[in-house]
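For reference, the structure discussed in these notes is given below.
Read-outs: derived from the displayed coordinates by stated rules, not from any lab. Computed from a predicted model, the values in this text were never measured in an experiment. Glycine gets a Cβ as well: all are built from the backbone with ideal geometry, and neighbour counts include every protein chain shown.
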Amino acid sequence: MTTPRDVFTALSDGISEGRFSELSALYAEDTVVEHPQAVPRPTRLHGCDAVHERFTGVLAGALRLKRKNVAVHETTDPEVIVAEYDYDAESAETGRTIAAANIQVLRIRDGLIVHSRDYHDYLRLAVIRDGVDDLVKAYEQAPPRELSPAASPTSGTVFEQLVHGVAGKRWAELPDLYAEQTHVTHPFLPGAPVLRTRDELRKHFAAAKDVGVDFEVADLVTYQGADPEVLIGEFAYQGDFGGGRVRIANIFAMRVRDGLIVESRDYGDHLGVAGDTGRIPELAAKV
């Protein structure tokens, strides 16, 4: 029997080996593939043919990608896995290389991908292709963000307490959701330090307060890991950030022990924020 983990392995092996023309065979005919942080606005592919066109068009000639550092999280839904991994990426045009993070939420049924939500480090991939100016133009020409209805505040998990706490500007309370010794990273934010203590988190949340964040939460979905300590959550922040109107798609992969966050990888759309507020060159300079 082909497991969801087997299907992800076949997909990532195929990408690493450059077998792009074969990859659409891993998807159902009526598959849906979403890219919530795509440049300059989220995209949704419908059907196997659209997936084949993407793999054999955009990806096939531009980048060489070698997978590493894979962590596959099985969830309490037997069809759903969440895969975190890095690429050693090389631009076919410039020869420049970089390590780039990725995370995917995959629903796999009868050995085929029926739904996938894919998050990639578009900034770093653009930098090695000398594509920063193209990013700036793409966001300048982008249509307004489409916003979703706000989610009602909930506090069922520490993840929900965190994201609704940010929206509620309860800055002083948020560090207490983390263990005294923790490990928080922001893989899509160049130059971001690892946050290891509550004191460091206090400074982190104080900085968000100083920027003038005014958010509401939308599209919140959680996935409980088969490992009871693992919790993954997707959501969007919508509202004002540093004087600009934004929608920030996020996915957090965290480990929670005794009710406290001991580890979290927060994959936020920092490129999208920079694009919508005119700060892409400043962000790219930190890569």
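I'd like the Kirkwood hydrodynamic radius of the chain, using the inverse of the mean 1/r over distinct C-alpha pairs, in Å. Write out the running numbers ahead of the final one.
Values: mean 1/r = 0.0508 Å⁻¹.
Result for the chain, one decimal place: 19.7 Å.
If you take the square roots of the eigenvalues of the alpha-carbon gyration tensor of the range 193-276 and sort them as a ≥ b ≥ c, do you get rounded (a/c under 1.5), prolate (a/b over b/c) or oblate? Kindly include the intermediate steps, with their values, before the conclusion.
Working: a/c = 2.39, a/b = 1.40, b/c = 1.71.
Taking the square roots of the gyration eigenvalues as a ≥ b ≥ c, the range 193-276 is oblate.
In this structure, the amide hydrogen of T182, modeled 1.01 Å from its nitrogen in the peptide plane, lies closer than 5 angstrom to those of T197, counting only residues at least 5 positions away or on a different chain.
Checking the a/c ratio against 1.5 first, then a/b against b/c, what shape does the Cα gyration tensor give for the range 190-242? In terms of gyration-tensor shape, oblate. When the C-alpha to C-alpha distance is required to be over 27 Å, the pairs from K209/K286; K68/K169; K66/K209; K203/K286; K66/K286 that qualify are K68/K169; K66/K209.
Place a point 7 Å from Cα of E90 in the direction of its Cβ. Which residues in the range 46-84 have their backbone N less than 18 Å from it? In the range 46-84, the label zone of E90 (backbone N under 18 Å from the point 7 Å along Cα→Cβ) covers 59-69.
Among rounded, prolate and oblate, which fits the range 147-222 when a ≥ b ≥ c are the square roots of the eigenvalues of its C-alpha gyration tensor, a/c under 1.5 means rounded, and a/b larger than b/c means prolate? If you can, show how the numbers build up before the last one.
On the way: a/c = 1.64, a/b = 1.46, b/c = 1.12.
The shape class here is prolate.
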